[in-house]
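Following: one structure in structure tokens, then a few remarks.
Each reported figure results from applying straightforward, stated rules to the coordinates on display, with no laboratory input. Please read these numbers as outputs of a predicted model, since none were measured by experiment. Every residue, glycine among them, receives a Cβ derived from its backbone with ideal geometry; neighbour counts consider all protein chains shown.
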Amino acid sequence: MTRPVLVMMRPLPLPLLWANGEEIEVRQFQGDFSLFEGATVLCSTALDRVDADFIAAIPDSVKLIANIGTGYDNIDLVAATAKGIKITNTPVVAEDTADLAFLLILASARQLTANQKFLRAGHWTSTQPATHIGKTAHGTTLGIVGFGQIGQAVARRAKGFNMNVIYHGPSRKPAAEKLLDATYFETLEEMLATADIVSLNCALTAQTKHIINAQTLSAMKSDAVLVNTGRGALIDEAALVAAMKAGHLSAAGLDVFEYEPDIHPGLLELNNVTLAPHIGAATAQCHEAIGACAIENILAQFEGRELISCVNPL
């Protein structure tokens, strides 16, 4: 029996894995494609670019790319599917990501970054109170772009703040609307014009890249708050910086960035922008769940079982 081989795009703390009574050989890819000889599974992360050229370079023995992350925009899905390679993701981050989205909503609306800088700089005195006045979050209208698992989890939290939930996406979701008392807007611009706070929770595709740009930003209320825990390239960061420097939008909260880990310098200069280094799923419990999901898909491939989260069934 040929020993099962798994190739990792980057070192991750995996336990010893066994399939069909055989220990899985784990190899670390460092640029040498000969390492893929005899391999069946490639394990990648959202930070690893697996483009058409990469897919063309790996042998036909590779039947699965097990991507760690809910999104899989780092992989050329068309090229992989054409080569007969299945792609799996780890869609177990909804609750933790929604927690962070709401953290950014509150921190941004209440100008936490600006006020913390004010305090740390020693400006808070008995004669100098905080001058960065925030925006009320409870009872406002929250617009959610993308009403999948994460978007709906954000909506559940919003109901605890007595917020009016509206959403936009490629199609209506009547069951979720009824459950969450949410209202669907067919056009993005109409939803943006209505919302006090906007949360981006959609996947990054060719259609959603730069969905927030100069034109759509202009449709938003001048004192609106924009939060992004989806993918960085959903926002044209140059357009966002220009809009905020011109006084359009009261605040923004960003966990993801267009060219991460590089941050647009203009964002770093703005006191009314709250920044986080892509930590939507950064809890011990969530990491454990992500790892377990990826491992289950890997083992299922080696053992000939059904994959639990295949995004391109072949």
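Listed values, structure above:
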quantity: Estimated translational D of segment 118-190 in µm²/s (Stokes, Kirkwood radius over Cα pairs; 20 °C; 1.002 mPa s); calculated: 150
quantity: All aspartates and glutamates inside 13 Å of residue 117 as judged from Cα atoms, apart from same-chain residues fewer than 8 positions distant; calculated: 269
quantity: Cβ-defined net charge surrounding residue 249, 9 Å radius [Lys, Arg +1; Asp, Glu -1]; calculated: 0
quantity: Spatial extent of segment 94-275: Rg and Dmax, with the Cα atoms as the point set, Å; calculated: 16.0, 54
quantity: Net charge of Cβ neighbours under 14 Å - reference residue 130; Lys, Arg +1; Asp, Glu -1; calculated: +3
quantity: Packing-based exposure ordering (other Cβ within 10 Å, fewest first) of 250, 309, 34; calculated: 34, 309, 250
quantity: Globularity index of the chain, i.e. its alpha-carbon radius of gyration over 2.2 N^0.38 Å; calculated: 1.11
quantity: FRET E, pair residue 12, residue 126, Förster distance 30 Å, beta-carbon r, rounded to 0.05; calculated: 0.05
quantity: Reachable lysines from residue 178, criterion Cα separation under 16 angstrom, eight or more residues apart if same chain; calculated: 159
quantity: Those residues of segment 64-91 whose amide nitrogen sits under 15 Å from the label point placed on residue 27, 7 Å along Cα→Cβ; calculated: 64
quantity: Per-residue HN-Hα couplings for segment 184-201 [Karplus 6.51, -1.76, 1.60; θ = phi - 60°; Hz; x = Gly/Pro]; calculated: 8, 10, 5, 9, 5, 4, 5, 5, 4, 5, 8, 7, 8, 10, 10, 10, 8, 9
quantity: Helical contribution to [θ] at 222 nm, DSSP H n ≥ 4, -39,500 (n - 2.57), averaged over the chain, rounded to 500; calculated: -9500 deg cm²/dmol
quantity: Efficiency of FRET from Cβ geometry, residue 311 and residue 34, R₀ 35 Å, rounded to 0.05; calculated: 0.80
quantity: DSSP bridge orientation in segment 94-275 - percent antiparallel, rounded to nearest 5; calculated: 10
quantity: Value of relative contact order over segment 94-275, rounded to a whole percent, pairs C-alpha under 8 Å and six or more apart; calculated: 22
